[in-house]
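A.B. asks: Have a look at this one before I ask anything.
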Amino acid sequence: MIILGIESSCDETAIALVEDGTKILASEIRSQIEDHRVFGGVVPELASRCHVEALHPLLESALKSAGLDYPDIDAIAVTCGPGLQGALLVGVTAADTLAWILDRPLIGVNHLEGHIYANFLSFGAEIEFPLLVLLVSGGHTQLLHMAGHGLYQVLGNTRDDAIGEAFDKVARLLGLPYPGGPVIDQMARQGNPQAFDFPRSMLQERDFSFSGLKTSVLYAVRHLEQKKQPIPVADLCASFQAAAIDTLLEKTLRQVDQQGIRQLSVTGGVSANSYLREKLTQAASERGLQVFVPPLALCTDNAAMIAACGWYQWQRQKQDMRFQIQTHPRFPLPVTAA
Ligand code: KG4
Ligand code: ZN
């Protein structure tokens, strides 16, 4: 079954063709980073317009690179939230129209669940249940217990800033370009992670909080400015990154031990972070833990994960959502009872 995936929840327009939830036939992404960079963050109205311009050419190019034509598409999966309302509407309208013209089923996908399925797309049958999932993106920091496909319980949640958001805000206050995560990751390689002793907060709690850490970076910068000292950007990046990722991992690994689960899936934009990936490899070998992290291209937003998630959803529910999909700017994962 070939599923066309459409993703337009934020600042990436993406189209993919995926066979049986496991084989990527084409995956095209048009990033809007350059369009938004001058504003220091995503401008919703601009994002919607860029999606409108990009969708059709991307669709044509994905079909061409997969050697397929419109009738080869068996179903369409589209992100319906969470995300920017106008941006989501562009993708959902395109998906609904195509489903109607081609007379194919339409599957609405939760973007967060899409990130989780980036690992099922990459590692498929290797992943067993129960599984712990660490979802780290621009808007979310969640630790989940996954009992089976589509069955989630939240073990830990974002209290304030999500980890990706903290990377972006810290980069901004250091005068680094948007999006901050990849830039901090890069800069941190030349810095000393012990140069600043930033707080590792709420270590005993399951929930996550990164706004105190962000404020500590701000105070450190102000202090240096007041003393008219140079700002050691690389050291600040390395120290911030180490504090954020160490906290994230300590909490996650404690849950791994408490739950007695030997498989951990890490997904979302921040899973591209090289320090996190290195620490995960280390934890895996020290603890005999099996860790799944998507290849870099599937960490940040893409449509292949949406198509894969749509395929798994279709296997479970066979629910055609043509003309029924609502966009949900806020759209938590469907959580199962304890
Ligand atoms: O999953 P994603 O592409 O979009 C959302 O669903 O939010 O995540 C984007 C977030 C941004 O905050 C970005 O700064 C962060 O992921 N990010 C990174 C890295 N690459 C992207 N954070 C840290 N290190 C990276 N290498
Ligand atoms: Zn995302």
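The values are calculated or read from the model by the stated rules, or taken from the named source; none is laboratory data. These figures come from a predicted structure and were not determined experimentally. With ideal geometry, Cβ positions are generated from the backbone for all residues, glycine too; neighbour counts draw on all protein chains shown. Side chains are part of the model used for accessible areas, which takes the heavy atoms of the whole protein and leaves out ligands, DNA and RNA. Shrake-Rupley method; radii C 1.70, N 1.55, O 1.52, S 1.80 Å.
A.B. asks: According to a simple spin-label model (label point 7 Å from Cα along Cα-to-Cβ), what is the distance in nm between His223 and Arg330?
C.D. replies: About 3.6 nm separates the two model spin labels.
A.B. asks: I would also like to ask the following. How large is the Kirkwood hydrodynamic radius of the chain, in angstrom, based on all distinct alpha carbon pairs?
C.D. replies: Kirkwood radius, the chain: 20.5 Å.
A.B. asks: Hey, what's the Kirkwood Rh for segment 191-338 if you take every pair of different alpha carbons, in angstrom?
C.D. replies: Values: mean 1/r = 0.0538 Å⁻¹.
Result for segment 191-338 stands at 18.6 Å.
A.B. asks: Work out how much length Phe123 to His56 would gain on full extension: take 0.36 nm times their residue separation and subtract the Cα-Cα distance, in nm to one decimal.
C.D. replies: Values: separation 67, 0.36 × 67 = 24.12 nm, distance 3.01 nm.
Taking 0.36 nm per residue and subtracting the Cα distance, the gain is 21.1 nm.
A.B. asks: When the chain is treated as a GNM, springs tying every alpha-carbon pair under 10 Å, which of His223, His51, His328 comes out with the largest mean-square fluctuation?
C.D. replies: Looking only at His223, His51, His328, the biggest GNM fluctuation is shown by His223.
A.B. asks: Quick one: of the DSSP bridges fully inside the chain, what percent are antiparallel, nearest 5?
C.D. replies: On the way: 25 of 43 bridges.
Around 60 percent antiparallel, to the nearest 5.
A.B. asks: Cα-based Rg of segment 120-181 per 2.2 N^0.38 Å, rounded to two decimals?
C.D. replies: Ratio of Rg to 2.2 N^0.38 Å for segment 120-181: 1.42.
A.B. asks: Run the helix sum for the chain: -39,500 (n - 2.57) per DSSP H stretch of 4+ residues, divided by residue count, reported at 222 nm to the nearest 500 deg cm²/dmol.
C.D. replies: Mean residue ellipticity, 222 nm, calculated: -14500 deg cm²/dmol.
A.B. asks: Once you sort the root eigenvalues of the Cα gyration tensor of segment 151-200 as a ≥ b ≥ c, which label holds: rounded (a/c under 1.5), prolate (a/b larger than b/c) or oblate (the other case)? Numbers along the way, then the final one.
C.D. replies: Details: a/c = 2.26, a/b = 1.67, b/c = 1.35.
Verdict is prolate for segment 151-200.
A.B. asks: Apply the Karplus parameterisation 6.51 cos²θ - 1.76 cosθ + 1.60, with θ equal to phi minus 60°, to every residue of segment 94-108 and state each ³J(HN,Hα) to the nearest whole Hz, in sequence, with x for glycine and proline.
C.D. replies: Karplus values, whole Hz, x for Gly and Pro: 4, 5, 4, 5, 5, 4, 5, 5, 7, 6, 10, x, 10, 10, x.
A.B. asks: Have a look at Val52, Val270, Val293 and tell me which one the Gaussian network model of the chain (Cα, springs below 10 Å) gives the largest fluctuation.
C.D. replies: Val52
A.B. asks: Of all the accessible heavy-atom surface of the chain, with the other protein chains kept in place and a 1.4 Å probe, what percent is carbon and sulfur? Please list the in-between numbers first.
C.D. replies: On the way: 7550 of 14250 Å².
On the chain, the fraction of accessible area on carbon and sulfur atoms equals 53 percent.
A.B. asks: Need one word for segment 253-338: rounded, prolate or oblate. Basis is the Cα gyration tensor (sqrt eigenvalues a ≥ b ≥ c); a/c below 1.5 gives rounded, then a/b vs b/c decides.
C.D. replies: prolate
A.B. asks: Evaluate the distance, in nm, between pseudo-label points positioned 7 Å from the Cα of Asn157 and of Ala195 along their respective Cα→Cβ axes.
C.D. replies: 3.7
A.B. asks: Name the trypsin sites (Lys or Arg not before Pro) in segment 280-338 that are in a loop by DSSP and that have at most 10 other C-beta atoms within 10 Å, would you?
C.D. replies: Listed in order of number, the matching sites are Lys318, Arg330.
A.B. asks: When a/c reaches 1.5 or more, the comparison of a/b and b/c decides; with that in mind, is segment 81-157 rounded, prolate or oblate per its Cα gyration tensor?
C.D. replies: Note, shape of segment 81-157 comes out oblate.
A.B. asks: Can you list residues whose amide H is under 5 Å from Gly156's amide H, if they're 5+ apart or on another chain and H is modeled 1.01 Å from N?
C.D. replies: It is Leu143, by chain and number.
A.B. asks: Moving on to the next point. For segment 125-233, what does the accessible surface come to per residue with a 1.4 Å probe? Please give it in Å².
C.D. replies: The answer is 49 Å² per residue.
A.B. asks: Positive end of the charge dipole of the chain (Lys, Arg +1 and Asp, Glu -1 on Cβ, about the Cα centre): tell me which of Cys10, Ala125, Phe208 has its Cα farthest that way.
C.D. replies: Of the options given, the answer is Phe208.
A.B. asks: Let's see if you can work this out: charge +1 on each Lys and Arg Cβ, -1 on each Asp and Glu Cβ, no other charges. What is the dipole magnitude of segment 61-145 about its Cα centre, in debye to the nearest 20?
C.D. replies: Values: 2 positive and 8 negative charges, 51 e Å.
Using Cβ point charges on Lys, Arg, Asp and Glu, segment 61-145 gives about 240 debye.
A.B. asks: Let me ask something additional. In Å², and per residue, what accessible area does segment 1-68 have when probed at 1.4 Å with the other protein chains present? Mind dumping the intermediate values first?
C.D. replies: On the way: 2950 Å² over 68 residues.
Ligands and nucleic acids excluded, the figure is 43 Å² per residue.
A.B. asks: Enter the accessible area per residue of segment 238-338 (Å², integer; probe 1.4 Å; all protein chains in place).
C.D. replies: Values: 4320 Å² over 101 residues.
Ligands and nucleic acids excluded, the result is 43 Å² per residue.
A.B. asks: With the chain treated as a Gaussian network of Cα nodes joined by springs under 10 Å, which of Gly81, Gly21, Gly148 yields the largest mean-square fluctuation?
C.D. replies: Checking each option, the largest mean-square fluctuation is seen for Gly148.
A.B. asks: Any idea how far apart Gln319 and Ala147 come out in nm if each label point goes 7 Å out from Cα toward Cβ?
C.D. replies: Each label point lies 7 Å from its Cα, and together they span 1.8 nm.
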